[in-house]
Every structure is written in structure tokens, then in C-alpha cells.
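What follows is a single structure, and I will ask about it in a moment.
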Amino acid sequence: MSTQTVFYIMAGVMAVCFVVALIWSPSGRMEEIVLDGGEDETG
């Protein structure tokens with residue numbers, strides 16, 4: 001019984017996270033960032 005409750009709660013949390021990401025994420029594709037020779041890949 002408690003496993004089923006946890007499963008449903010986690011499914012609800014994942015659904016809410018999906019809706020939030022769908023609404024507030026920018027649309028379109030990400031632009032590729034090209035590093036020049038002066039920077040390393042770690043940032």
C-alpha cells in the first residue's frame with residue numbers, strides 16, 4: 001500500500017516538473033557554442 005502511494009506521488013511530481021519545464025523553457029534549438037583557442041573546455 002505505501003509503495004503504491006509513493007509511486008503515485010513521484011509520478012505526480014514528475015508530471016508537474018514536466019509541465020513547468022514545458023511552460024518556462026525557451027522554445028527552439030540551442031545554439032552551438034564554439035570556443036576560441038584562448039579558452040579551455042572546462043569553463
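Each reported figure results from applying straightforward, stated rules to the coordinates on display, with no laboratory input. Nothing here was measured: the structure is a model prediction, and the numbers come from that model. Please note: Cβ atoms are built from the backbone with ideal geometry, for glycine as well, and neighbour counts cover all protein chains shown.
Just grab the label-to-label distance for LEU35 and MET10, each label 7 Å out from Cα along the Cβ direction, in nm (one decimal).
Rounded to a tenth, the inter-label distance reads 3.6 nm.
Let me ask another. By how many nm would the segment from SER27 to MET1 lengthen if fully extended, with 0.36 nm per residue of separation less the alpha-carbon distance?
5.3 nm
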